[in-house]
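The values are calculated or read from the model by the stated rules, or taken from the named source; none is laboratory data. Being a predicted model, the structure only gives us computed values, none of them experimental. Virtual Cβ from ideal backbone geometry, glycine too; neighbours counted across all protein chains shown.
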Number of protein chains: 2
Amino acid sequence: MEKIRIVVDAMGGDFAPLNDVSGAIIAAEEKPDSLEIILSGKEKLIKEEILKHKVSLKNLTIVNAEEIVTMHDSPTESLKSKADSSISVGINLVKEKKADAFISAGNTGAVMTAAVLKLGRIAGVGRPTIGSLFPTDKGKTMVFDVGASVDCKAVHLLEFAVMGSIYMRNVHDIQNPRVGLLSVGEEKTKGDTLTIEANELLEKSNLNFIGNVEGRDVLSGKADIVICDGFVGNVILKFVESVLDVLKNKFRSYAAEGFLKKLWVGLISGTLKKVVLKDFDYQEYGGVPLLGVNGVVIIGHGKSSPIAIKNMIYKAEEIIRKNINAKISEELSSFEKK
Amino acid sequence: MEKIRIVVDAMGGDFAPLNDVSGAIIAAEEKPDSLEIILSGKEKLIKEEILKHKVSLKNLTIVNAEEIVTMHDSPTESLKSKADSSISVGINLVKEKKADAFISAGNTGAVMTAAVLKLGRIAGVGRPTIGSLFPTDKGKTMVFDVGASVDCKAVHLLEFAVMGSIYMRNVHDIQNPRVGLLSVGEEKTKGDTLTIEANELLEKSNLNFIGNVEGRDVLSGKADIVICDGFVGNVILKFVESVLDVLKNKFRSYAAEGFLKKLWVGLISGTLKKVVLKDFDYQEYGGVPLLGVNGVVIIGHGKSSPIAIKNMIYKAEEIIRKNINAKISEELSSFEKK
């Protein structure tokens, strides 16, 4: 088996370099024969971190990058002003074919911008897309796009549906993924100009298009893939994350009302976590793919744990071994000919 | 005090005419001197329903309408094909100045379409808007628009902000409501073309504009009013309603796993309802206003209880007594002159 070379942004996320390095070490240890891990970032800091683990791994190397893009840096500006950042250096390795994939728990916008500008788009792709998994009663639904592309045209939504279908089929083993178009009503005449046009394109496609779905269907499991403009998807993604915070806050305030209430909340909190919160814990999924760029890029949550980082590395490996990008290119160029 | 005449759609909602008539009777009984209630719908059915209550109310009358717009009827088609519906007849009364307001728990799209087409818009309003209240840690946030207008231009979002501010100030007693523009990032350069343009207009306005807010801020209480295109607002509104269903389902499935779990869920469900579910119960708010049309129209949830219907009637009265529409007209025409 040919080794896959994956760059891990060692300076990305709220717990850098700790969690990034730990995750990379776990992956390098677990898969010595199939993975080459390259940590990008401040060599000195990374070495110190590795030393704590007391391991010697041949398939774990470092490429130095002196600058760090913070969560507050502007994506486009950081690309220019911080050319020697762990993100830029890491993505350059992919661009120069010295690595196969880049994963980061850092500034999402910065990773996305660097990836799109440096790697370029796959032939046939007008706009790249980021998908995010939402838990449903029956399993999972993936929403495309959640923030890579706004001001989309109908054809871009069609592209998201094509890329999303390929991803769900190959990575999530759903053979004929049901594609729903997010709108304000089920009838195909309901929606804004964008969705009414996209509905027509999707109906003509060879995808398993089930028609329009509504906001309530995202979590119902009615569709395996929900397609929308990145503006809408991003708003929903951030909204659902906040719902959990609201629930937690409500229980916390209730507990603060007195000793008995505190005791009671303590007693039931295990059940709450088990029943409600677990599925909505985005950590578990370990990163989302940026599809449509010439290269494999996985973006993780800023609070990614070492296990989440490891999962991102494995996801990148899977996407590469399954030739997802070649499949996207093939499918979209056949689309163009129609 | 001059009497306010309010038409209640007796055939609207899932529990028509039962809940509509009951709600109307409560309002008519509670405010004999300030309200005239007119029930629109099938006279025979309404009379039967009133008889059950064994009341005789001078301020409660019926106007007959033979047709019923169902939840599945197309808004535009029903307007033509069911000219004698409780919705059309009721809104015509407002148009002909025989009534001051119309309230309905029926087909939202049909009520909205009939209202906009029959009553027309207030001078200075390009697009009408429906606002919906979301619970927050600190109180309530109202989102405009949640489905009245899609494909908005930036100036329409500004109008929503003006109408929303007037509404929140007068009906919810928030003197200087903070207006947030829903986008995908806090910086004013973040967003799609629509929001970037709207941000500029809002900054120049005399509103208490706090800048862009994100999906996570809808429930955080950061803004009193959150402004967005009706497509986005509608998706969020339906999404949040479904989150509750998902939570309820999860507890139900957990309870179904065995007797002890069932007992446990039974024990904690009171706390869950009290702590979490109550605030998200849209019933309690009793209807949302359609702002920007020449007349007062309140739209309620299909599952509205008699109390929710009563609350809708009182809300309509309040909007009329506080001259909200005159204030909107005044404010927006002064805007146009700038």
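If A:P289 passes every condition in (1) within 17 Å of A:G131 (Cβ to Cβ); (2) of a type outside the set (A, V, I, L, M); (3) within 8 Å of another protein chain (Cβ to nearest Cβ); (4) not in a helix (DSSP H, G or I) but one, which one does it miss?
Tallying (1) within 17 Å of A:G131 (Cβ to Cβ); (2) of a type outside the set (A, V, I, L, M); (3) within 8 Å of another protein chain (Cβ to nearest Cβ); (4) not in a helix (DSSP H, G or I), A:P289 fails exactly one: (3).
Tell me, please, whether a residue that is more than 7 Å from chain A (Cβ to nearest Cβ), of a type in the set (S, T, Y) and surrounded by 19 or more Cβ atoms within 10 Å (Cβ to Cβ) can be found in the range B:196-206.
No, the range B:196-206 has no match at all.
On the basis of being of a type outside the set (F, W, Y) and either in contact with a Pro (Cβ under 8 Å, 6 or more places away or on another chain) or closer than 24 Å to A:I4 by Cβ (or both), does A:I166 make the cut?
It is true that A:I166 is of a type outside the set (F, W, Y) and either in contact with a Pro (Cβ under 8 Å, 6 or more places away or on another chain) or closer than 24 Å to A:I4 by Cβ (or both).
So, in the range B:126-144, of the ones that are assigned to a loop (DSSP other than H, G, I, E, B) and more than 11 Å from every other protein chain (Cβ to nearest Cβ), which residue ends up nearest to the chain's Cα centre (by Cα)?
Top of the filtered list is B:P128.
A quick yes/no check of all residues on (1) surrounded by 20 or more Cβ atoms within 10 Å (Cβ to Cβ); (2) among the basic types (K, R); (3) farther than 29 Å from A:G230 by Cα:
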{"position": "A:M11", "(1), (2), (3)": "yes, no, no"}
{"position": "A:D20", "(1), (2), (3)": "yes, no, no"}
{"position": "A:A28", "(1), (2), (3)": "yes, no, yes"}
{"position": "A:E36", "(1), (2), (3)": "no, no, yes"}
{"position": "A:K52", "(1), (2), (3)": "no, yes, yes"}
{"position": "A:N64", "(1), (2), (3)": "no, no, yes"}
{"position": "A:H72", "(1), (2), (3)": "no, no, no"}
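Considering only residues that are over 30 Å from A:A148 (Cβ atoms) and among the hydrophobic types (A, V, I, L, M, F, W, C), look in the range A:232-258 and name the one that is farthest from the other protein chains (Cβ to nearest Cβ).
Only one residue fits best here, namely A:A256.
Please find, within the range B:219-231, the residue that is farthest from the other protein chains (Cβ to nearest Cβ) out of those that are in contact with a Lys or Arg (Cβ under 9 Å, 6 or more places away or on another chain) and assigned to a loop (DSSP other than H, G, I, E, B).
B:D224
Name the one entry in A:V155, A:V171, A:V179, A:V116 that is in contact with a Leu (Cβ under 6 Å, 6 or more places away or on another chain), more than 14 Å from chain B (Cβ to nearest Cβ) and of a type in the set (V, I, T).
A:V179
Among the candidates A:V246, A:V265, A:V218, single out the residue that is under 22 Å from the mean Cα position of the chain (by Cα) and either more than 16 Å from B:F239 (Cβ to Cβ) or among the β-branched types (V, I, T) (or both).
A:V218
May I ask you to list pairs of residues, at least six apart or on different chains, whose Cβ atoms are under 7 Å apart, with the first in the range A:177-188 being surrounded by 21 or more Cβ atoms within 10 Å (Cβ to Cβ) and at pLDDT below 95 and the second being of a type in the set (G, A, S) and not in a strand (DSSP E or B)?
Hits for this filter: A:V184/A:G191; A:V184/B:G147.
Inspect the range A:264-282 for any residue being more than 10 Å from every other protein chain (Cβ to nearest Cβ), in a strand (DSSP E or B) and at pLDDT 75 or above and give the result as yes or no.
Checked against the condition, which is being more than 10 Å from every other protein chain (Cβ to nearest Cβ), in a strand (DSSP E or B) and at pLDDT 75 or above, the range A:264-282 yields no hits at all.
Only residues that are of a type in the set (A, V, I, L, M), more than 24 Å from B:E77 (Cβ to Cβ) and in a helix (DSSP H, G or I): list them for the range A:163-218, please.
Those that are of a type in the set (A, V, I, L, M), more than 24 Å from B:E77 (Cβ to Cβ) and in a helix (DSSP H, G or I): A:M163, A:I166, A:M168, A:V171, A:L201, A:L202.
Is it the case, given these coordinates, that B:V240 is touching a residue at least 60 places away in the same chain (Cβ under 8 Å), assigned to a helix (DSSP H, G or I) and either of a type in the set (K, R) or in contact with a Leu (Cβ under 9 Å, 6 or more places away or on another chain) (or both)?
yes
Being of a type in the set (D, E, K, R) and more than 13 Å from chain B (Cβ to nearest Cβ) is the requirement here; does A:R216 meet it?
So A:R216 does not fit the description; no.
Would it be correct to say that A:S86 is among the hydroxyl-bearing types (S, T, Y), within 24 Å of A:P128 (Cβ to Cβ) and touching an Asp or Glu at 6+ places or on another chain (Cβ under 6 Å)?
yes
List the pairs whose first member sits in the range B:193-218 and is among the acidic types (D, E), whose second member is modelled with pLDDT of 95 or more, and whose Cβ atoms are under 7 Å apart, counting only residues at least 6 apart or on separate chains?
Sorted first by the residue in the range B:193-218, then by its partner, the pairs are B:E197/B:A154; B:E203/B:F209; B:E214/B:S183; B:D217/B:G180; B:D217/B:A223.
Scan the range B:37-77 for residues that are within 14 Å of chain A (Cβ to nearest Cβ) and farther than 23 Å from B:D100 by Cα and jot them down.
Within the range B:37-77, B:M71, B:H72, B:D73, B:S74, B:T76, B:E77 qualify.
Checking the conditions here, which among A:A148, A:A123 is touching a helix residue (DSSP H, G or I) at 6+ places or on another chain (Cβ under 6 Å), assigned to a loop (DSSP other than H, G, I, E, B) and surrounded by 24 or more Cβ atoms within 10 Å (Cβ to Cβ)?
Residue meeting the stated conditions: A:A148.
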